[in-house]
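The values are calculated or read from the model by the stated rules, or taken from the named source; none is laboratory data. Keep in mind the model is a prediction, meaning the values are calculated, not measured. Counting neighbours? That spans all protein chains shown, and the Cβs are built from the backbone with ideal geometry, glycine included. These accessible areas exclude ligands, DNA and RNA; they are computed on the full protein's heavy atoms, side chains included. Shrake-Rupley method; radii C 1.70, N 1.55, O 1.52, S 1.80 Å.
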Protein chains: 2
Amino acid sequence: MAADGEVVEKTQEEKDAIKAAREARKAEKERLKAEKKAKKAAAAAAKEAAERIEEVTYLDYGEQDNYQTMGDFARIMSRSRTGRDFCNVADLGNVHKPGETLWLRGRLHSIRVKGGSCFLVLRQDSFHTVQATFFKDKENPEAPKKMLKYLKSLTVESIIDIEGTLVEAQVKSCSIQDVELAIGRIYAVSKADAMLPFLVEDAARSEEEVDASQGTDRPFPRLGQELRLDNRWMDLRAPANNAIMRIQSAICQLFRESLYAQGFCEIHTPKLIAGESESGAGVFTTDYFGSEACLAQSPQLYKQMAISSDLTRVFEVAPVFRAENSNTRRHLCEFTGLDLEMAINDHYMETLEVIHTMFKHIFNGLESRWAKELAVIREQYASEPVTFTEEPCVLHWPEGIAMLEDAGFDTGDGMSDLTGAMELALGAAVKEKYGTDFFMLDKYPSSIRPFYTMPDPEDSRFSNSYDIFIRGQEICSGAQRCHDPDLVLEILAQKGIEMGDGLKTYVESFRHGVCPHAGAGISLGLGYASSLE
Amino acid sequence: MAADGEVVEKTQEEKDAIKAAREARKAEKERLKAEKKAKKAAAAAAKEAAERIEEVTYLDYGEQDNYQTMGDFARIMSRSRTGRDFCNVADLGNVHKPGETLWLRGRLHSIRVKGGSCFLVLRQDSFHTVQATFFKDKENPEAPKKMLKYLKSLTVESIIDIEGTLVEAQVKSCSIQDVELAIGRIYAVSKADAMLPFLVEDAARSEEEVDASQGTDRPFPRLGQELRLDNRWMDLRAPANNAIMRIQSAICQLFRESLYAQGFCEIHTPKLIAGESESGAGVFTTDYFGSEACLAQSPQLYKQMAISSDLTRVFEVAPVFRAENSNTRRHLCEFTGLDLEMAINDHYMETLEVIHTMFKHIFNGLESRWAKELAVIREQYASEPVTFTEEPCVLHWPEGIAMLEDAGFDTGDGMSDLTGAMELALGAAVKEKYGTDFFMLDKYPSSIRPFYTMPDPEDSRFSNSYDIFIRGQEICSGAQRCHDPDLVLEILAQKGIEMGDGLKTYVESFRHGVCPHAGAGISLGLGYASSLE
C-alpha cells in the first residue's frame, strides 16, 4: 500500500474506466437532451397539427363533420355538383325560421373577433345583411380555438360560405333584424386582399353624414370620384350605387313593358354609319377598311326610316356617341339612349299621350315594384317620389316664357333656348302653379330645333316640338318630324346644311309614301336616374 | 223714169243703206260666233270645274259630304285633332262586321281601274291586306267619273285614307277574305313616286317561286341584294322581311322576360373603351380627344366586373364591333349581342340550365305569341319549328369528335376547332341520335378558347366552355370564367397576351373577392333569326 503523500500513478485501466464513466455521463446527458428536444418537437408538431387550417376541397365539405369545419376552399372549378341549396339573406326570419340549419353564401361585410367570441355580418346583393356569431364552448375549450384563429384570418369583402343555425336575436345594424346565424362551419370561396382601396361602408355614406362628422373626433373619409371610378366594382357594392344600377335596369324594363303594351316593336339601328346622323354635335370617326365611318350620334334617321318600312311604332335602347369635349353631367361622350318613333293619325299629341302613359308606368312601377331599391337609394341620396298629373301637363312656349319673365328672367325676344337656370326656375314655377314635377314644354322655336322638325302649321317660326322635364331637368326631347321630302329639302337649305349620301337616302325614303310621325329620345342616366340624386 | 239700158247711178242714201245692211249681217254673224264660243267656253269651264280634284285640307274632311269625296290631303301638320278612329285591317270581319262604315289608313298595295270599276288592296303592317272597291252608279253616272279619275291617279305604296262600308265578299288574295270595303271617300295622305325602285310583291317572292317562273312567259324579276339594301325601307315592306324584324324584337323581348324571371338585371357597358376587350378579333379605333379609344368587341370584361360589383346576374343587349374584313354572313363588323353572366354556386351547369330555360321560353314564345309572323316568314322562307329537349342536351367534346369521326370526318388530334361543315354534320348526327335541333357541346379544348376561360379541373387541355347549336349552326358561346386572378395571369402568360391597363383593372377586380361565375354571348341575326332562313 502506498504511504501518505505518496503519489500513486493510476494504471491505464483506471484511466480508461474514468474516461468511460465520464463519456457515459455525457452521452446520458445528451440522450436526455435529445429526448427532451424530441418531446418538445413532438409537442410542437402535435400543437401545430391541431391548429393547422388546411385548404378544403369544395366537394368534400359534405363530409366535414368529422373533419375540418373551417378553411379556404380550393378554387371552385365545377368538379361536380353538390346539390347544396344556398339561402337568400332576404328570406331569413320569414321563409326560414329560427331553429333551421342552413347554408348561406355571401360577402363578408364586417368581422370582429375578440376573446372567445366572433360577430360578423354577411352581405348579399349589396343591401341584404345578416349577423352571424361564434362563441367559445366552455365544455370543449380546445376545438373553438382553431375556429377563432380562422375567423381572425378572414378579410372583409371575401366571398364566404357559412353553415349555421338560425336563432332569434335583435340586431339593429342589419337588414335582417330578428334572427341571426350561429356559425357551425365557415369556408372562404374567394378571399379579398387585406388591403382594399376603400371600405364599402365609407362609399355608402351620404354627403351630409360625412360633412357632419368633420368636426368630431372620428371624421369619416370623403372618397374622391377618381378613387371610386378606378375601383368601380367596389363602389358599386355600396347599397345605393348598386341599387341605382338596378333602377336603371328597371327603367328600361318598364319603358319596354309600356311600349310593347302600346304596340311598339324594338329595332337595332347601325352604330357604324357612313355619315353624321345629326348635325350640330361632334362625331367620332373610325377607319373602316380604308374609308371613314362615323359613330351614330342618335338613331334619328334610322328610326324614321323604320316608319317608312311599315314598322309603325318602334323603339330602341342603345348607346349613342357624341364627341363633345365638355365635362358636365349633362354632356356625355357615350350614353344609353331610349328612343321611340311612331306613326300618328293627325296630331303629335298622340305621341305625347303615348309618352305620358309610358312615364306614368315607369314612375308607378318603380315606386311599387322597386320600392326596396328606391328606399336604399334615398338613404344615401334623399329624394321624394315624382309628382305627376293623370293627363299630360303641356305648356306652350309662350306660356313658359311668360312664367320665366314673371320669375324675373330676361328672355330677350323669347326665341332663344332656355338656360339650365331657366329650366330649373320653370320647373319650380310649374310645380307651384300645376302641382307637378313632370311636364311637357311644347312649340319650341324652329331656329333652335333640328332640321327634321315639323314647323308649326300657323307660324313657321315655331315648331311641333317639345321637351319633357322632371323638376326642371330636361329628360326627353322630341317632335313631329317633317315627313314631306320637299319641305325637308327647303329646311335643310334654310339651315345651310349640306346633304351627304346618308341624308339623301333619308329624304328619298319619304318619296315612297310615309305616314306622318313623331317621336322622342330619352337619355338614361342623364334622365330619371340623375333626377333621383 | 229711166229707159232700158240706161244706167241709173245709186244715190248716196241707197249706197249707205246697202253697206249698213251688210255690216249688220256681219255683226250678227260675229255675235252668233262669239255667243257660240262663249257657250263652248262656259261648257268647258263647267266641265273642268266638275272634274277638278282640289287639294283637301285634312281637317275639313268631316264636312266633305257636300263637297269633295276624294283628293290629296294638304300636308298633315297637326293643325288640330279630328278624333277620327282608324280601324285595324286585322280587325275587319271580326271586331267590325258587314254593314259598318269605318275609316282605314294604310298603304295602297295595288290598284286596278277599268271602265266603271276599281279594285284596290290596302295593306297595313306589311301583311294585313283588305280589298276595297268602287263601281259606277247607273242612276247618277256623272259623279263617279271624278272618283274614277282620282283613283286612276293614285300610285301604289302611297299612304291613303278610305272611308267605306264593310260588305260580305270572298277575296282569296287578301289576308281579310270574307269582307271587303265599298269605298265612300278616299284621300291620299302621302303619295309615293310613280316610279319605284321595285315592287313590294317582287320583294316578297320566295326563291323557289322566282326560279319556277324563269321558264315561263312571265318570269318574275330577281331582286339583287344591293338593290334591296339601297332601298331597305322598301324591302322591309315585304311581309317576311318585315316579320323578321318583328321576330328579332320578339327574341329580345322573350330573352329579357326569361332572364328577369330568373333574377337578372340589365346593364349597359361602355362601347368606347381604352383597350381591346378581347384578344384575337380586330378592333376599330377612334381618336378620343387626342388619345386612342377602341370600340368594344364584347362586354366580356365588363359583365364579369359586374359580378364583382354584386350584380350577381346580369345581361346586356347591345351592339358589338369586330373589325373583321370578311364577307360571310357569320362575320359582321357590327351586330347585336345578347350577353349574360351569372354567379354560380358550384358548377357552370347551373348556367347551362338558365340558358336552356331561356331558349325554351324563346322557342315556345315565338311559336305561340308570334305565330302569325312566323307563318308569314315561312311563306317566303320555308322552315320548321325548332325541336328541343325538355332538359338540356349536353354533349362532351370527345363524344362530339367521335360522332364526327363516325360521320367520316378526319378530326386530326381532336383538339382543333370545328369547321362549319363539321358543325352542320354534328347537327345532323345529333338530330338523328337525340331527336333535337338544339344542343350544347361542352368541354372545348383550352387552346381554342379565350384566356378568361376556366380550365377543366381534371385535364387543363380542356376547359369548362361550351357552344350552343341549332341545326348545326352555332348561335351561342360561353364558359365558366376563371375568377382566380393568379390563374388568369398564368393563362395570359401561357397564351403570350400582353396586359394593357384595361386587362390589369379586370384582373385586379378579382382580388377584392368574387363569386365563381359563368356566362354566354348570343348574336342576334347571326343566331336564331338566321337559322329561320
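Points worth noting:
- The mean count of C-beta atoms from other chains within 10 Å of the C-beta of residues in A:214-224, rounded to a whole number, is 0.
- Label-point distances for A:Lys433 to the equivalent site in the other copies, using a point 7 angstrom along Cα→C-beta, read 7.5 nm when ranked shortest first.
- Normalised by the number of residues in chain B, the average gap of Cα pairs under 8 Å and 6 or more apart makes the relative contact order 10 percent.
- Taking a ≥ b ≥ c as the square roots of the eigenvalues of the Cα gyration tensor, an a/c ratio of 1.5 or more together with a/b no larger than b/c marks the stretch A:110-192 as oblate.
- Pairs of Cα atoms farther than 16 Å apart, the stretch B:406-521, %: 65 percent
- The protein assembly as shown - percent of accessible surface contributed by carbon and sulfur, probe 1.4 Å: 50 percent
- Here the Karplus relation 6.51 cos²θ - 1.76 cosθ + 1.60, evaluated at θ = phi - 60°, turns the backbone of the stretch B:191-199 into coupling constants of 8, 7, 4, 5, 9, 9, x, 6, 8 Hz, with x for every Gly and Pro.
- Among chain A residues, the beta-carbon with the smallest distance to the axis carrying A onto B is reported, with distance in whole Å, as A:Thr286, 2.
- 10 Å Cβ neighbours from other chains, averaged over peptide A:232-241: 5
- With contributions of -39500 (n - 2.57) from each DSSP H run of at least four residues, the per-residue ellipticity at 222 nm computed over chain A stands at -11000 deg cm²/dmol.
- Calculated label separations, B:Glu48, copies of the chain, 7 Å along the beta-carbon direction, nm: 11.6
- If you sort B:Lys146, A:Lys39 by accessible surface, 1.4 Å probe, largest first, the order is A:Lys39, B:Lys146.
- In the stretch B:144-220, the alpha-carbon atoms span a convex hull of 150 Å³ per residue.
- Shape call, the stretch B:314-441: gyration tensor on alpha carbons, a/c limit 1.5: rounded
- Here the contact order of the stretch B:353-476, divided by its residue count and restricted to Cα pairs under 8 Å and six or more residues apart, works out to 23 percent.
- Ranked by the mean number of other Cβ atoms within 10 Å of their residues, highest first, the peptides B:363-376, A:509-522 fall in the order A:509-522, B:363-376.
- For residues of B:452-461, the mean tally of beta carbons on other chains within 10 Å: 2
- Alpha-carbon Rg with Dmax, taken over chain A, Å: 37.1, 155
- Restriction of the trypsin sites (Lys or Arg not before Pro) in the stretch A:189-254 to DSSP coil positions whose beta-carbon has at most 14 other beta-carbons within 10 angstrom yields A:Arg222.
- Contact order for the stretch A:241-531, expressed relative to its length and based on alpha carbon pairs under 8 Å spaced 6+ residues apart, stands at 20 percent.
- Flagged links, alpha-carbon separation over 22 Å, of B:Lys114/B:Lys136; A:Lys360/A:Lys433; A:Lys39/A:Lys138; B:Lys271/B:Lys495: A:Lys39/A:Lys138; B:Lys271/B:Lys495
- Residues of the stretch B:334-349 whose accessible area, computed with a 1.4 Å probe over protein heavy atoms, drops by at least 10 Å² once all protein chains are present relative to their chain alone are B:Glu334, B:Thr336, B:Asn345, B:Asp346, B:His347, B:Met349.
- Solvent-accessible surface of the stretch A:35-143, averaged per residue with a 1.4 angstrom probe and all protein chains in place: 57 square angstrom.
- By the equivalent-ellipsoid construction on the alpha carbon gyration tensor, the protein assembly as shown comes out with semi-axes of 81, 35, 26 Å, ordered largest to smallest.
- Other-copy label distances relative to A:Arg461, 7 angstrom Cα-Cβ extension, nm: 8.2
- With the convex hull drawn around the C-alpha atoms of the stretch A:21-155, the volume per residue stands at 182 Å³.
- Using distinct alpha-carbon pairs, which all enter the 1/r mean, Kirkwood radius of the stretch B:241-531 in Å: 19.9 Å
- Cα gyration tensor, the stretch B:290-365 - rounded (a/c under 1.5), prolate or oblate: oblate
- Both chains summed, the buried accessible area for B and A stands near 7900 Å², from protein heavy atoms and a 1.4 Å probe.
- Take the stretch A:241-531 with all the other protein chains still there, run a 1.4 Å probe, and you get 36 Å² of accessible area per residue.
- Simple rule: put +1 on each Lys or Arg Cβ and -1 on each Asp or Glu Cβ in the stretch B:241-531, find the dipole, and look at B:Thr285, B:Ile468, B:Gly275; the Cα lying farthest toward the positive end is B:Thr285.
- Cα-based helix-to-principal-axis angle, B:12-51 vs chain B, degrees rounded to 10: 20 degrees
- A straight Cα-to-Cα reach below 12 Å connects A:Lys191 with the aspartates and glutamates A:Asp72, A:Glu157, A:Asp161, B:Asp484, residues fewer than 8 places away in its own chain not being considered.
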